[in-house]
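J.: Handing you this structure, nothing more for now.
Rule-based calculations on the coordinates, nothing more; no lab input. A quick note: this is a predicted structure, and the numbers were derived from the prediction, not measured. Glycine also receives a Cβ, built like all others from the backbone with ideal geometry; neighbour counts cover every protein chain displayed.
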2 protein chains.
Amino acid sequence: MEVSYRFVERVSAYRRMLRKLLSEGTTRVYSYELGALEGLSSAQVRRDLMTLGCTGSPSKGYDISAVIEKISELLDPPAGEGIAMVGVGHLGKAILAYATGRFANLCFSATFDSDPEKTGKIIHGCHCFPMQEMEEVLKTRPVAIGIITVPASAAQESAERLAAAGVRGIVNFAPVRLRLPREVFVEDVDITGLLEKVAFFARSRTQEGEGWT
Amino acid sequence: MEVSYRFVERVSAYRRMLRKLLSEGTTRVYSYELGALEGLSSAQVRRDLMTLGCTGSPSKGYDISAVIEKISELLDPPAGEGIAMVGVGHLGKAILAYATGRFANLCFSATFDSDPEKTGKIIHGCHCFPMQEMEEVLKTRPVAIGIITVPASAAQESAERLAAAGVRGIVNFAPVRLRLPREVFVEDVDITGLLEKVAFFARSRTQEGEGWT
DNA sequence: TGCATATTGTGAAATGAGTAACGCTGTGAT
DNA sequence: ATCACAGCGTTACTCATTTCACAATATGCA
């Protein structure tokens with residue numbers, strides 16, 4: 001299916017919210033309810049659910065479990081895939097601690113660091129290898145996704161080595177824009193830029209009209 | 001000026017790149033050069049620079065310093081603004097370490113944590129206060145921006161207390177969607193969702209045509 | 001049973017972001 | 001001095017995404 005980036009983003013958020021609702025005992029939702037929770041219009045929600053192939057009923061809404069099922073069919077890898085984390089500083093540890101075990105068919109299979117204090121140890125349940133063994137390790141533990149949390153100066157090289165080892169998607173937290181072959185999907189996360197944006201819009205919003213989201 | 005979110009994002013990225021070029025001794029760029037570096041069309045770059053009020057010259061391009069100056073006028077707060085960080089775990093420390101001192105007129109003025117092991121100390125140059133003193137502290141150290149890196153269960157409450165204390169922009173790393181009055185600009189960063197998206201597009205791209213970005 | 005009502009499903013319109021295209025301008029070569 | 005040309009500034013257009021609007025439909029109640 002050819003779907004847009006924003007669509008995947010929303011759908012992932014739907015699933016998180018729907019799981020929460022389900023855990024609280026709710027079994028059905030209306031499009032306008034989910035829309036209000038996500039800050040979207042009901043039409044947007046209906047259209048997305050339609051794209052997913054979900055079908056609701058007037059006066060009962062959508063069955064939450066069924067929607068979660070459809071989203072999982074779309075988002076979750078059909079078979080197990082590995083994640084490699086390059087750089088196990090504070091940020092890397094934070095992500096490991098938070099994300100470990102949260103995905104279906106997607107788990108951390110190796111971490112890499114250049115610091116001998118860290119290598120050879122198990123960090124948050126995942127073995128940490130020295131940087132120079134990356135190619136070797138990735139032969140026996142193939143990974144689909146790489147997460148880069150090394151300093152800017154080491155990011156491009158790390159990315160190229162991951163790509164050469166067969167990684168097809170990279171989340172980059174280092175403050176540089178990675179240059180990689182097009183078949184590798186790269187998501188650059190610029191935390192500095194994030195703060196600049198929020199500071200800007202916080203200011204521009206200060207003088208605007210009040211109200212609630 | 002009424003500008004779009006994407007515009008601010010691009011402009012922030014331009015500045016980062018232009019500063020790097022400047023530090024390497026380059027003083028002028030063509031729109032197509034900057035575009036290639038950022039993965040954008042030259043038309044997009046020219047249009048953005050036009051919006052910023054920059055003017056270039058055919059056969060010499062744009063003066064990098066002048067563009068940086070214009071971007072800074074737009075993005076940087078006109079006077080000093082404070083940032084508060086709520087939650088000083090791995091993620092909080094990572095952001096503090098990386099972002100401290102990188103902004104013009106924007107600096108960390110307080111951090112908060114509920115762990116008595118951390119409170120009372122100076123972390124990455126910034127004082128850490130106990131959570132319950134937030135209101136009191138923010139009276140003497142007014143802040144414009146808040147960063148939330150607490151667990152999901154504490155995020156909404158933290159956000160409301162920040163908002164009540166006058167914060168006008170929040171970056172939320174906790175995996176919940178914050179519900180706040182509209183005058184507070186909220187940017188939710190969902191790291192789980194990020195990984196799901198990258199995993200999805202990595203898969204969908206695997207069978208596509210090759211080529212370079 | 002049949003009506004009233006609230007919500008779904010979806011074509012059509014509106015919005016908005018990005019691209020193409022082209023006249024204009026300044027530079028360097030002849 | 002004139003010409004050729006490469007890139008800027010800007011307008012018009014294209015295309016994707018979102019919203020509008022309404023017929024279709026399922027439920028509850030009289």
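J.: Once a ≥ b ≥ c are taken as the square roots of the eigenvalues of the Cα gyration tensor of the protein assembly as shown, is the result rounded (a/c under 1.5), prolate (a/b larger than b/c) or oblate (a/b not larger than b/c)?
T.: Details: a/c = 1.20, a/b = 1.06, b/c = 1.13.
The shape class here is rounded.
J.: Under a point-charge model restricted to the Cβ atoms of Lys and Arg (+1) and Asp and Glu (-1), what is the dipole moment magnitude of the protein assembly as shown relative to its Cα centre, in debye to the nearest 20? Please report the intermediate quantities before stating the final value.
T.: Values: 50 positive and 52 negative charges, 82 e Å.
Its charge dipole is roughly 400 debye.
J.: While we're on this one: In the structure shown, do any of B:Lys118/B:Lys139; A:Lys197/B:Lys60; B:Lys93/B:Lys121 have a Cα-Cα gap over 23 Å, and if so which?
T.: Numbers: B:Lys118/B:Lys139 21 Å; A:Lys197/B:Lys60 30 Å; B:Lys93/B:Lys121 13 Å.
Pairs exceeding 23 Å: A:Lys197/B:Lys60.
J.: Rank-order B:128-135, A:109-116, A:192-199 by packing density, defined as the average count of other C-beta atoms within 10 Å over each peptide's residues, highest first. Mind showing how you got there, number by number?
T.: Values: B:128-135: 15.9, A:109-116: 19.4, A:192-199: 21.6.
Result, highest mean first: A:192-199, A:109-116, B:128-135.
J.: Let me ask you something else. By the gyration tensor of its Cα atoms, with a ≥ b ≥ c the square roots of the eigenvalues, what is the shape of the range A:91-147: rounded for a/c under 1.5, prolate for a/b over b/c, or oblate?
T.: Values: a/c = 2.13, a/b = 1.21, b/c = 1.75.
Oblate, because a/c is 1.5 or more while a/b does not exceed b/c.
J.: Just to verify a number: FRET efficiency for A:Arg19 and B:Ala66, C-beta to C-beta distance, R0 = 56 Å, to 0.05?
T.: The computed FRET efficiency comes out at 0.65.
J.: I want the antiparallel fraction of DSSP beta bridges within the protein assembly as shown, as a percent rounded to 5.
T.: On the way: 12 of 54 bridges.
If we restrict to bridges inside the protein assembly as shown, about 20 percent are antiparallel.
J.: Can I ask one more? Report, as an integer, the average count of C-beta atoms from other chains found within 10 Å of each Cβ along B:31-41. Please report the intermediate quantities before stating the final value.
T.: On the way: counts 0, 0, 0, 0, 0, 1, 2, 1, 4, 0, 0.
Counting Cβ atoms of other protein chains within 10 Å of each residue's Cβ and averaging gives 1.
J.: Let me ask you something else. Are there trypsin sites (Lys or Arg not before Pro) in the range A:1-61 that DSSP puts in a loop and that have at most 11 other Cβ atoms within 10 Å, and which ones? Write down the numbers at each step before the final one.
T.: Working: sites: A:Arg6, A:Arg10, A:Arg15, A:Arg16, A:Arg19, A:Lys20, A:Arg28, A:Arg46, A:Arg47, A:Lys60; in loops: A:Lys60.
The qualifying sites are A:Lys60.
J.: Given the rule -39500 (n - 2.57) for each run of at least 4 DSSP H residues, summed and divided by the residues of chain A, what is its mean residue ellipticity at 222 nm, to the nearest 500 deg cm²/dmol?
T.: Working: 8 runs with 96 residues, N = 213.
Taking each H run of at least 4 residues, the total per residue is -14000 deg cm²/dmol.
J.: How about the range A:1-90: which GluC sites (Glu not before Pro) there are in a DSSP loop, with at most 15 other Cβ atoms within 10 Å of their Cβ?
T.: Details: sites: A:Glu2, A:Glu9, A:Glu24, A:Glu33, A:Glu38, A:Glu69, A:Glu73, A:Glu81; in loops: A:Glu2, A:Glu24.
Listed in order of number, the matching sites are A:Glu2, A:Glu24.
J.: Three principal axis extents, largest first, for the C-alpha atoms of the range B:4-113, in Å?
T.: Dimensions of the range B:4-113 along the principal axes of its Cα atoms: 54, 29, 27 Å.
J.: Let me ask another. Could you grab the relative contact order for the range A:85-213? Cα pairs under 8 Å, six or more apart, rounded to a whole percent.
T.: Working: 181 pairs, mean separation 23.2, N = 129.
Relative contact order of the range A:85-213: 18 percent.
J.: For the range A:132-213, state the average projected area of the convex hull of the C-alpha atoms over all orientations, rounded to one decimal in nm². Intermediate results must be reported in sequence, preceding the final value.
T.: Details: hull surface 30.3 nm².
Averaging across all directions leaves 7.6 nm² for the Cα convex hull.
J.: Continuing with this model, one more query. Binning at 5 angstrom from zero up to the longest distance, how are the C-alpha pair distances of chain B distributed in percent?
T.: Percent of Cα pairs in each bin: 1, 6, 12, 14, 14, 13, 13, 12, 8, 4, 1, 0, 0.
J.: On to the next question. So what is the orientation-averaged projected area of the range A:1-61, using the convex hull of its C-alpha atoms, in nm²?
T.: Values: hull surface 16.5 nm².
If you wrap the Cα atoms of the range A:1-61 in a convex hull and average its projections, you get 4.1 nm².
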